[in-house]
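In what follows, a structure is listed as structure tokens, so that the remarks can point back to it.
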Amino acid sequence: MSTVESQESGDPAEQPTVLRAIYPRSRGRLSLRGGSAGLDWDADRGPDEVDGDVSTFRLSVPHFDPVQVKLVREDGAWMLGRNAVIGRGDAVVLRPAFDRSTGELSSLRTIELPWGGALHVRVRLPPSYREQDQQRYPVLYSQDGQSIWSDGTDPYGTWGLDRVLDELWDVGAMDEIIVVSIDTGEGRIERLTPVPDPVHGGGQGADHLRGMVEVLKPLIDAEYRTRPERASTALLGSSLGGLFSLWAAWTRPDVFGGAICLSPSFWWGERFMLDLVSGGTCPSPRPNLYLDSGAAASGVEYDASTRDGVHDTRATYRALREHCYELGDDLFLLSWTGHHHDARSWSARVSTPLQLFFPRST
């Protein structure tokens, strides 16, 4: 897992190629192997400098052809995942994993709420969590835990979010994060709606949000190495989960620094969310928001031309821009051709907001 940092200025031919590997020194000294630039796949090349958990390698790359490299631990273990690729003048940071290359998903856990009811949650730790024992991680809280994982039980389909995350981490496209999923299959309408709808009822979202803020988040922060600040805490949801995520971030911006809302059900409660955004004061600080919708006609809609609620989503987007938001800064809106209101579509596009909200920081 790596990222390439751009050099500020100067001729790349005169700049060294630098690779910094961040790995707990207590777990073993690191060396480097590769196919060129003075490296050998069969012989170790030690670091030029070791400072705590950071091993620095300075390489002479004589041409612009990419160099493939891999870190090796002193016990002979090779860094898992694909080879790192570097070029002349690059500065590369690696956080290698030797024990596992994919995330780790917990079993379902029930958390009782003091005022009654419970939250049923699973926690997925990133690949480096067990090895990088000094690192702390952002946290994404997701609704619909019954459908987002590959082993989900939702009869309407699953996202395979675990596979999406593992692939993004494998290519170094986003920061590693902790994901906490909340099963909302039972009582979904009641849990994920902030107000009742005149046709469908519901409206107990405040209790669900209270459980997340007062019980679940403190528990997660106490048991795991999280980055608990709001800027490192975000929400994810689709359909009613998207509605709930925007409402939760809007009303508790002190806790949640962002909300990813896929195909949000902004029609709910006679456009309650649109009225709230239009008439209320802007949250301070403002949470980052991602809104999207599919652009394909859906057979389950009364009017197929509405296409996955795109009109309600765009109306909410316009209200956000008129109110206090800046497109491309703290607000993103996308429409996806060929996508429907279903798990398969959300799986196909969730990688985009994940990279926007959790870009590689090293």
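Rule-based calculations on the coordinates, nothing more; no lab input. Everything numeric in this text was worked out from a predicted model, so none of it was measured. Cβ atoms come from the backbone with ideal geometry, glycine included; neighbour counts cover every protein chain shown.
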Sequence ranges 264-276, 186-198, ranked by mean other-Cβ count within 10 angstrom, highest first = 264-276, 186-198
Please report the relative contact order for the range 1-152, taking Cα pairs under 8 Å with a sequence separation of at least 6, and give it as a percent rounded to a whole number.
-> 25
Place a +1 charge on the Cβ of each Lys and Arg in the chain and a -1 charge on the Cβ of each Asp and Glu, then give the dipole magnitude about the Cα centre in debye, rounded to the nearest 20.
-> 200
How large is the dipole of the range 230-302 about the Cα centre if only Lys and Arg carry +1 and Asp and Glu carry -1, each at its Cβ, rounded to the nearest 20 debye?
-> 240
What number, rounded to the nearest 500 deg cm²/dmol, is the helix-based mean residue ellipticity at 222 nm of the chain, given -39500 (n - 2.57) per DSSP H run of at least four residues and division by all its residues?
-> -6500 deg cm²/dmol
Tell me, TRP346, TRP250 in order of fewest to most beta-carbon neighbours within 10 Å?
-> TRP250, TRP346
Stretchable slack from GLN355 to ASP170, in nm (0.36 nm times residue separation minus alpha-carbon distance) | 65.3 nm
So how do CYS261, CYS282 line up by other beta-carbon neighbours within 10 Å, fewest first?
-> CYS282, CYS261
Which stretch or stretches of the range 170-197 have amide N atoms under 13 Å from the point lying 7 Å from LEU108's Cα along the Cα→Cβ direction?
-> 182-187
Using the 2.2 N^0.38 Å rule of thumb for compact globular proteins, work out how the range 220-273 stacks up: its C-alpha Rg over that value, please.
-> 1.25
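Quick check on the exposure proxy: order THR153, THR17 from fewest to most C-beta atoms within 10 angstrom.
Fewest-to-most Cβ neighbours within 10 Å comes out as THR153, THR17.
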Relative contact order (%) - criterion: Cα under 8 Å, at least six apart; region: the chain = 13
State the percent of C-alpha pairs, over all pairs in the chain, separated by a distance greater than 32 angstrom.
-> 39
Mean Cα-pair separation over length for the range 29-79, i.e. relative contact order, pairs under 8 Å, 6 or more apart, % | 41
With the calculation restricted to Cα positions, what are the radius of gyration and Dmax of the range 192-286 in angstrom?
-> 13.6, 43
Expected vector for the range 235-249, Karplus 3J(HN,Hα) from phi with 6.51, -1.76, 1.60 and θ = phi - 60°, integer Hz, x for Gly and Pro, equals 10, 9, x, 10, 6, 4, x, x, 4, 4, 4, 5, 4, 5, 5
Whole-Å distance linking the alpha carbon centroid of the range 217-262 with that of the range 63-117 is 24
Treating every alpha carbon of the range 81-149 as one equal point scatterer without solvent, the Debye formula yields log10 I(q)/I(0) values at q = 0.12 Å⁻¹ of -0.52
To one decimal place, what Kirkwood hydrodynamic radius in Å is obtained for the range 147-242 from all pairs of distinct Cα atoms?
-> 15.3
Which is farthest toward the positive dipole end of the chain among CYS261, LEU327, TYR23, measuring Cα position about the Cα centre, with Cβ charges +1 (Lys, Arg) and -1 (Asp, Glu)?
-> TYR23
Assuming R0 = 41 Å, can you tell me the calculated FRET efficiency for the pair THR153 and ALA91, based on Cβ-Cβ distance, to the nearest 0.05?
-> 0.35
Protection proxy ranking, peptides 91-102, 54-65, average beta carbon neighbours within 10 Å, highest first | 91-102, 54-65
